[in-house]
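For reference, the structure is listed below as structure tokens.
The values are calculated or read from the model by the stated rules, or taken from the named source; none is laboratory data. Since the structure is predicted, the reported quantities are computational estimates derived from the model, not experimental observations. Don't worry about glycine lacking a Cβ; one is built from the backbone with ideal geometry, like all the others, and counts go over all protein chains shown.
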């Protein structure tokens, strides 16, 4: 019996992982993956990109504090990863928090597998039209702080407006309509998620600008004091 061919090498697996990760618009550039993912924030952003309704990014605090990093991972475990049938062991969290080389890649490999598994389940449909879960997920995403498209009192008007906005070519069957609706829902999720990430970037830049101004003020005071002493 002929022996089975060798599986993908570790280097090949990492290249595939990094390419997959590059498709996700993270809020900060990837420099050192062990440190970048140590506080759990970017891991939350990865899940948010694929499943917007599962994650509320404001619940995760970018930090260098070990205690806050552990808190972020604990929250991610309980509120997000559990919905993907994934739980990061405590030992692994401690190693992630300490930026141990290779641990972030291990976590991302597990996360990618669970994300792809859930995507396959959605494609199979589980007996439901594709547009229905997309519509439910949109409602969950809007509950995380974005303005709602429709309210209870104005549900009829909002649905009527949405119906006018979505048009289909003549002769399109129910399958084509559902496919187009699903694609538009996904595009809407991606656009809103990108906006949220950009808003987070703006907030961080504003914080950096404030710190810079405070530093300039402090240096100016010290310079004035030094000049006064010389006189």
Exercise for the section: Out of 219, 223, 198, report the one residue that is surrounded by 10 or more Cβ atoms within 10 Å (Cβ to Cβ), assigned to a helix (DSSP H, G or I) and at pLDDT below 80. Expected result: 198
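Scan 65, 53, 99 and give me the residue that is surrounded by fewer than 20 Cβ atoms within 10 Å (Cβ to Cβ) and free of Cβ contacts under 8 Å to residues at least 24 places away in the same chain. Walk me through how you get there before you give the answer.
Values: 53 fails: free of Cβ contacts under 8 Å to residues at least 24 places away in the same chain; 99 fails: free of Cβ contacts under 8 Å to residues at least 24 places away in the same chain.
Of 65, 53, 99, the one residue that is surrounded by fewer than 20 Cβ atoms within 10 Å (Cβ to Cβ) and free of Cβ contacts under 8 Å to residues at least 24 places away in the same chain is 65.
If you go through the stretch 20-36 one residue at a time, do you hit one that is farther than 27 Å from residue 199 by Cα, in contact with a helix residue (DSSP H, G or I) (Cβ under 7 Å, 6 or more places away or on another chain) and outside any helix (DSSP H, G or I)?
no
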Exercise for the section: Say whether the condition of being modelled with pLDDT under 75, under 27 Å from residue 58 (Cβ atoms) and surrounded by 12 or more Cβ atoms within 10 Å (Cβ to Cβ) is met by at least one residue in the stretch 174-187. Expected result: yes
Handout entry: Search result, residues across the stretch 80-96 that are surrounded by fewer than 15 Cβ atoms within 10 Å (Cβ to Cβ) and either without any contact (Cβ under 8 Å) to a residue 24 or more places away in the chain or not assigned by TED's automatic domain parsing to the domain that holds residue 49 (or both)
Key = 82, 87, 89, 90, 91
